[in-house]
Every structure is written in C-alpha cells, then in structure tokens.
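One structure is given below, encoded as structure tokens.
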Amino acid sequence: MSRVKIEMPDHFLFSTEIEVRINDINYANHLGNDSLLSLVQEARVRFLASLGYNELDIEGVGIIMNDVAIIFKAEAHFGDRLRFEIAVDEISRKSCDFFYKITVQDNRIVALCKTGIVFYNYQLKKPVSIPDAFLLKVNR
C-alpha cells in the first residue's frame, strides 16, 4: 500500500511555537489528528500576520485550503511546545503549497504537513492570481 509522501523544502521562512492544550489530546492520550490540523491553521495565521496579512486579505484577496496531507512521525502530549516551521513552494499562477515541519522540544519531528492554498476572491466566488507583492515576500 502506497503512503503519502511530502518533499519538504530546504528553506523555511517562519517559525512559531504553540503549546499542546488539554483539549488537543485524544482518547489515546496524545495529540489528535484533528487538533494538529487546527494548530497548523493557527501557525499559518501567525505566518501570514508576520507578513502583514490575514487569510481573508492578502493584497485584497483571500485564500482557501484546497487539500492537506499530514505524515505523523511521533506523538506529542499535553504541555509539549511544538515548533512549526513554514515554507511556501510549488507556486503556480493561482495556488501554492504551504509546508509545515512540526517538531517537539528535543527536535524530534512530530509531523510533516502540506496544505494546498488557492488564492480566492470571496465576492466573485472564484480563484484569482497570486498577488505579486505576496510572491515578493515569500520568494526571499
């Protein structure tokens, strides 16, 4: 059976730390997969904020998540400080991928994640081109 593979970029643009909360823990007493995706969104929001944006306003357009892939490598538990390193790659005219390397305090990789991001005009309800100013900021 084939497994999901994520080719991580060599260079990350941003990192942030988020502590695993008690409500992130599942019945197996570790970080739940649904909670990890929620934490990925929190990290993405912080990354965008560091560039002066939010998910609904990147140079006047929004973004939507088109797809997601997560590879779990190790458990995380209540109180662990997760480090989210974020890169942007696989850039096309209207979309790109955000990559997340998630590690715990001892640098063990907890998960690798990729979210497909489509730039979107919510008023027109259609995909739009990636703003040039955003591309300049992420192609350092």
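Just so you know, all these numbers are worked out from the coordinates, no wet-lab data involved. No experiment lies behind these values; they were computed from the predicted model shown. We place every Cβ from the backbone using ideal geometry, glycine too, and count neighbours over all the protein chains shown.
Pairs of Lys residues in the chain, spaced 8 or more positions apart or belonging to different chains, with C-alpha separations under 28 angstrom: 18 in total. Between L136 and K94, the modelled labels are 2.5 nm apart [label points 7 Å from Cα along Cα→Cβ]. Placing pseudo-labels 7 Å out from each Cα toward the beta carbon at S2 and K125 gives an inter-label distance of 3.5 nm. Mean residue ellipticity, 222 nm, helices only, the chain: the sum of -39500 (n - 2.57) across DSSP H runs of n ≥ 4, divided by residue count and rounded to 500, is -5500 deg cm²/dmol. With q set to 0.15, 0.19 Å⁻¹, the log10 of I(q)/I(0) for the chain, from the Debye formula over equal scatterers at the Cα positions, is -0.75, -1.11.
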